[in-house]
1. Pairs, please: C-beta under 6 Å, at least 6 apart or cross-chain, first residue at pLDDT 95 or above and in region 364-375, second among the aromatic types (Phe, Trp, Tyr) and assigned to a helix (DSSP H, G or I)?
2. For region 217-247: of the residues being modelled with pLDDT under 95 and of a type in the set (S, T, N, Q), which is nearest to residue 130 (Cα to Cα)?
3. Taking region 128-171 as the search range and keeping residues that are under 15 Å from residue 201 (Cβ atoms), modelled with pLDDT of 95 or more and of a type in the set (Asp, Glu), which one is surrounded by the most Cβ atoms within 10 Å (Cβ to Cβ)?
4. So, residue 184, is that one in contact with a Leu (Cβ under 6 Å, 6 or more places away or on another chain) and farther than 21 Å from residue 128 by Cα or not?
5. Restrict the check to region 310-318 and report whether at least one residue is β-branched (Val, Ile, Thr) and under 17 Å from residue 362 (Cβ atoms).
6. With the structure loaded, tell me whether residue 171 is in contact with a helix residue (DSSP H, G or I) (Cβ under 6 Å, 6 or more places away or on another chain) and in a strand (DSSP E or B) or whether it fails that test.
7. Which ones in region 225-273 are touching a Phe, Trp or Tyr at 6+ places or on another chain (Cβ under 9 Å) and not hydrophobic (A, V, I, L, M, F, W, C)?
8. Could you please find all residues in region 69-96 being exposed (fewer than 14 other Cβ atoms within 10 Å of the Cβ) and assigned to a loop (DSSP other than H, G, I, E, B)?
Amino acid sequence: MSNSLTATGHNLINGAGEIARTLRCVALFAILPLLISCSSQPQVPFSYTIEPLSFEPGNQYNITDGRARFREIFCAANEDHGALLPDFRACEEALVRFDDEPAATGTPVELGTSSLNLLAKMVPGLGYSCVKPWLDHDNSAPRHVAEFGYDAGFIQVEGIASSDTNGELIAQSVQSLSRNDDSKPLVLVGYSKGLPDIFSFLTNHPDLARQVTAVVSYSGAVWGSALAEGANEKQLRWLTRVPGAECEKKDSKALETLMPANRKQWFATQTLPEHIRYYSVVSFPDPDNISNGLKGSHRKLGQLRDARNDSQLVFYDQIIPGSTLLGFFNADHWAMSIPIARQHRLSQALFADKNDFPREIALEAILRFVEEDLLTRNDVSTVP
C-alpha cells in the first residue's frame with residue numbers, strides 16, 4: 001500500500017510540475033500578442049482572395065503558379081498513407097483552393113523512393129531553441145520522409161539572434177555538409193524567421209551558397225511582420241524564461257530582422273543567388289482555424305495590415321519574389337511547424353486547440369514537388 005501511495009504521490013507531483021510548466025509557457029506565449037497596440041478594425045478584412053498577388057507577367061512578385069501540380073502530389077500522398085500518420089486531414093481541408101487555381105495537370109504522381117536523394121535542411125523560426133526542450137519534438141516529419149529516401153534534418157540556430165548571427169551558423173553547417181553529403185542536392189527550408197536567416201547566409205557567403213540547389217519558404221518571413229514594430233528586445237528576452245530554454249541571450253536582435261522596413265531595405269541592397277530555385281508555401285488559415293493562443297495576434301496583425309494572416313505573417317509577405325508558389329495551407333503559424341498538441345494535451349486545450357496539421361505529408365509533398373521540378377528542368381546541382 002505504501003509503495004502504491006508513494007507512486008501516486010510521485011505521479012501527482014509530476015503532473016503538477018507539468019501543469020506549472022505549461023502555465024508558465026501559456027503566460028509567456030500570451031504576452032507576445034500584447035506587445036503592441038493598434039486600432040480596432042482590420043485594415044483589409046478577411047476574404048478568400050489573393051489580391052494584390054498576381055500571376056500576370058510584370059507583377060511585383062514575379063511568381064510561377066505551381067498550385068495545381070502541388071495539390072496533385074499532396075493529395076496523392078495523403079490518400080495513399082496520410083491516414084496512417086498523426087493529424088490526418090482531408091486534402092481539400094488542408095489546402096485552400098482559390099477560384100483562379102489552374103486545373104489538375106493529370107500527370108500521374110510517383111510515390112516511390114527519391115531518385116535524387118535530396119538533402120533537406122530546415123531552419124526554424126523565432127524562439128524555437130527557447131521552447132525546443134519543452135516541446136520535446138519527435139522529428140516525425142524528417143523520419144517520415146526518410147522512408148522515401150529523403151535526408152531531412154534541422155540546422156540549429158539561436159532563437160532570438162539576428163539573421164546575420166544565424167547566417168553564420170548556417171554557413172558552418174553547410175560547410176560541414178560538403179564533407180559528408182557530397183552527392184545529394186541541398187534544399188534549405190526556412191520557417192518564419194528561419195528564411196531571412198537563410199537569405200543572410202546566401203548573400204554573405206556566396207561561395208558556400210553555390211552548394212545550395214533550392215530554397216523553400218515554409219511560412220517564411222520574407223517581408224517581415226508588422227507585429228515586430230511594436231515589440232522590443234527586452235520583451236523578446238521573455239522567451240529565455242520558458243522552462244528549459246536553451247536560447248542564447250548575447251544577441252537579441254531578431255526583431256530588427258523582422259521589421260518590414262528592414263526587410264524592404266534588405267531586398268533593396270541584396271540580390272539572391274540566381275542559380276538557386278526558389279519555392280513558396282503559404283499559410284492562409286480560415287479565422288475559425290486559428291488557435292486560442294494566436295487569436296489576439298491574428299486580430300492585431302489584421303488591424304495593422306491585413307486580416308488574411310496566419311497570426312504572425314500576412315499571406316503575401318511569405319512569398320519569395322521570383323519563386324514558384326506551391327500552395328496555401330489552412331493552418332495557423334504554429335500549426336504549420338510546431339507540434340504543441342501532440343506532446344502537451346493541456347496546452348492544446350488552453351492555447352493550441354487548432355494545432356493539428358499533417359506536417360509529415362506536407363514535407364513529403366514539398367520535397368517530391370521540388371525533386372520533380374528539378375528533374376523536369378534538368379536543373380540539379382550537388383554539394384561539391
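1. 365/74; 369/70
2. By that ranking, first place goes to 240.
3. 168
4. Spelling it out, residue 184 is indeed in contact with a Leu (Cβ under 6 Å, 6 or more places away or on another chain) and farther than 21 Å from residue 128 by Cα.
5. no
6. No: the conditions fail for residue 171.
7. If the condition is that a residue be touching a Phe, Trp or Tyr at 6+ places or on another chain (Cβ under 9 Å) and not hydrophobic (A, V, I, L, M, F, W, C), then 243, 244, 257, 260, 263, 264, 270 are the ones that fit.
8. Across region 69-96, the qualifying residue is only 90.
The values are calculated or read from the model by the stated rules, or taken from the named source; none is laboratory data. Since the structure is predicted, the reported quantities are computational estimates derived from the model, not experimental observations. Cβ coordinates were reconstructed from backbone atoms using ideal geometry, including for glycine residues, and neighbour counts include every protein chain displayed.
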